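This report concerns only the one structure given below.
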Amino acid sequence: MLVRGVPPPTPVPASLADAAGQRKVDTPAMPAPTPDDALAADARAAEDALAADARAAEDALAAGARAVVERLRGAGFAALWAGGAVRDQVMGLAPKDYDIATDAEPEQVAALFERSVPVGAQFGILRVIHAGHEYEVARFRAEGPREDALHRDFTLNGLLYDPVADELIDHVGGLADIAARRLRACGGDPEGRFGEDWLRILRGVRFAARFDLAIEPRTWVAMAREAQQVLSASAERRRDELSRILTEGAGGRGFALLAELGLDRALLPEVSDPARARARLERLGAAAEDVGWAVLGYDWGDPAETAAALGRRLKLPTRLARRIGAIVALARALPGYPALTVAQRKRWTRDEASGDALRVAAIAVAANQAPAAGWRAATEDAGRWSPGELRPAALVDGRDLAAAGHAPGPIFKLLLDAIEDAQLEGHVRTRPEALALAERLAGA
């Protein structure tokens with residue numbers, strides 16, 4: 001592979017395609033092989049198949065990105081891969097998406113592809129759907145590739161790649177900074193880069209945490225000086241960056257950097273004890289969005305209300321905010337789990353958020369912020385009951401109660417809940433037993 005621009009400090013792959021041999025491919029974790037040789041062989045074969053499927057999907061995504069570049073060039077436009085995909089491949093990671101930088105205007109790009117969606121037309125950005133994949137195609141940020149790279153946020157994101165000529169283009173010293181594990185603003189002007197988009201300060205926190213990078217001193221000074229400007233970014237953009245900081249596997253360091261910048265309480269006023277929150281996040285690892293926020297909010301006294309307030313402030317989807325509140329509420333209930341009845345335990349276990357609540361509670365236990373007994377008992381119960389035992393078919397309903405002579409009203413819910421509790425406890429197994437229990441309770 002040709003390297004143009006700043007000379008690379010260390011050898012780079014012969015081509016970015018060859019970097020696949022060094023790449024970390026995310027595949028589902030497989031169970032540890034058993035002593036049985038046949039079972040162990042089956043496990044290895046399944047793992048190999050999953051890795052092959054992941055590699056095939058990755059290759060198809062890259063092939064589509066190259067095809068987009070070729071079509072743009074065939075129409076007379078310049079086009080290069082840019083940003084995170086190039087960075088990830090240089091770092092030996094599998095890109096999850098590809099961005100293409102071009103000198104074509106959005107309307108010219110749209111005319112070349114059957115399907116496209118404007119996502120930032122005022123900034124020259126179009127999402128192109130090609131060969132079943134989505135690619136973000138953006139007009140060069142300045143006049144030509146070199147100026148485009150110099151106006152990107154950080155040098156590790158300023159690398160460009162020509163997939164046709166197999167040429168890596170480094171106008172910003174990104175290769176040297178990646179080799180040195182250093183985060184540095186592009187163009188030698190961090191104040192200028194951040195002034196173009198204050199959210200870049202949050203992005204700097206995320207990249208430093210995710211890739212375990214030292215922040216170059218001048219870049220850090222500018223981040224600290226202008227940190228409060230982040231609050232001028234839209235709630236949606238702040239939300240997205242915070243979610244990534246929490247969930248990309250280094251939430252503890254990310255939260256610590258926010259605190260050093262004085263942004264932890266400014267961006268997350270719902271966190272009453274930042275030190276406790278950081279201790280939990282240090283044990284989280286990569287996680288789904290709802291789990292990441294739930295770990296952050298484990299200390300909430302009123303999980304439902306606080307999650308709803310967070311959702312309104314950061315414009316979280318309502319369903320996500322409710323899910324976060326449910327996970328926290330279930331996790332915080334676990335210290336009292338050993339004292340619950342069998343019916344109450346089954347109701348806790350069958351809740352769709354219980355699995356995530358167990359993960360959040362395990363982190364709280366590991367951080368010495370919650371007793372282990374409730375979490376341990378709930379973990380044991382999670383594998384104890386079958387789906388039929390957790391959600392048995394109802395023995396009676398409201399019509400049955402009415403037919404038995406009970407007057408409809410609020411009492412129906414009380415009776416039906418009591419019957420289900422008795423069913424979950426194993427005290428009631430038939431319809432006549434359920435109706436007899438309803439008769440006794442109604443007459444009490």
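The set of residues from the range 289-334 being farther than 17 Å from A362 by Cβ and assigned to a loop (DSSP other than H, G, I, E, B) comprises W300, G301, D302, K315, L316, P317. For first residues located in the range 416-438 and within 18 Å of R347 (Cβ to Cβ), partners that are basic (K, R) and lie 6+ apart or on another chain with Cβ distances below 7 Å form the pairs L424/K346. If the condition is being touching an Asp or Glu at 6+ places or on another chain (Cβ under 9 Å) and basic (K, R), then the range 317-346 contributes R323, R332, R345, K346. When we screen G124, G173 for residues that are at pLDDT 95 or above, on the phi > 0 side of the Ramachandran plot and not assigned by TED's automatic domain parsing to the domain that holds R210, the only hit is G173.
If I go through the range 253-281 residue by residue, how many of them are in contact (Cβ under 8 Å) with a residue 60 or more places away in the chain and under 16 Å from the mean Cα position of the chain (by Cα)? Total satisfying the criteria: 0. Of D177, D153, D189, all but one fail to be in contact with a strand residue (DSSP E or B) (Cβ under 8 Å, 6 or more places away or on another chain) and over 26 Å from L268 (Cβ atoms); the exception is D177.
Among the criteria (1) assigned to a helix (DSSP H, G or I); (2) closer than 30 Å to L330 by Cα; (3) free of Cβ contacts under 8 Å to residues at least 40 places away in the same chain; (4) touching a helix residue (DSSP H, G or I) at 6+ places or on another chain (Cβ under 8 Å), the one G374 does not fulfil is (3). In the range 172-193, the count of residues that are more than 27 Å from T102 (Cβ to Cβ), surrounded by 18 or more Cβ atoms within 10 Å (Cβ to Cβ), of a type in the set (K, R) and in contact (Cβ under 8 Å) with a residue 12 or more places away in the chain is one or more.
Of the residues R283, R278, the single one that is in a loop (DSSP other than H, G, I, E, B) and either closer than 23 Å to A326 by Cα or among the charged types (D, E, K, R) (or both) is R283.
Given the criterion on the phi < 0 side of the Ramachandran plot and modelled with pLDDT under 95, identify the matching residue among G311, G325, G301, G292. On inspection, the qualifying residue turns out to be G301. Looking across the range 53-77 at every residue that is charged (D, E, K, R) and modelled with pLDDT of 95 or more, the one that is surrounded by the fewest Cβ atoms within 10 Å (Cβ to Cβ) is identified as E70. Checked against the criterion of being out of contact with any His (no Cβ under 8 Å at 6 or more places or on another chain), surrounded by 16 or more Cβ atoms within 10 Å (Cβ to Cβ) and closer than 26 Å to A353 by Cα, the candidates E425, E389, E420 yield just one match: E420. Residue selection: L80 satisfies the criterion of being modelled with pLDDT of 90 or more, within 19 Å of L160 (Cα to Cα) and buried (at least 16 other Cβ atoms within 10 Å of the Cβ).
Could you say whether any residue in the range 234-255 is surrounded by 20 or more Cβ atoms within 10 Å (Cβ to Cβ), of a type in the set (F, W, Y) and touching a helix residue (DSSP H, G or I) at 6+ places or on another chain (Cβ under 8 Å)? Yes, because at least one residue in the range 234-255 is surrounded by 20 or more Cβ atoms within 10 Å (Cβ to Cβ), of a type in the set (F, W, Y) and touching a helix residue (DSSP H, G or I) at 6+ places or on another chain (Cβ under 8 Å). Restricting attention to the range 142-170 and to residues that are in contact (Cβ under 8 Å) with a residue 40 or more places away in the chain, over 12 Å from L80 (Cα atoms) and not acidic (D, E), the residue that is surrounded by the fewest Cβ atoms within 10 Å (Cβ to Cβ) turns out to be H151. In the range 220-233, which residues are among the β-branched types (V, I, T) and surrounded by fewer than 22 Cβ atoms within 10 Å (Cβ to Cβ)? If the condition is that a residue be among the β-branched types (V, I, T) and surrounded by fewer than 22 Cβ atoms within 10 Å (Cβ to Cβ), then V221 is the only one that fits. Is it the case, given these coordinates, that V86 is in the same structural domain as D162 (by TED's automatic domain parsing), surrounded by 20 or more Cβ atoms within 10 Å (Cβ to Cβ) and under 23 Å from A185 (Cβ atoms)? Here the answer is yes, as V86 does meet what is asked.
Picking from residues in the range 349-371 that are charged (D, E, K, R) and farther than 14 Å from V328 by Cβ, the one that is farthest from the chain's Cα centre (by Cα) is R350.
The values are calculated or read from the model by the stated rules, or taken from the named source; none is laboratory data. It should be emphasised that the depicted structure is a prediction, and the values quoted were computed from it without experimental measurement. Backbone-built Cβ (ideal geometry, glycine too); neighbour counts: all protein chains shown.
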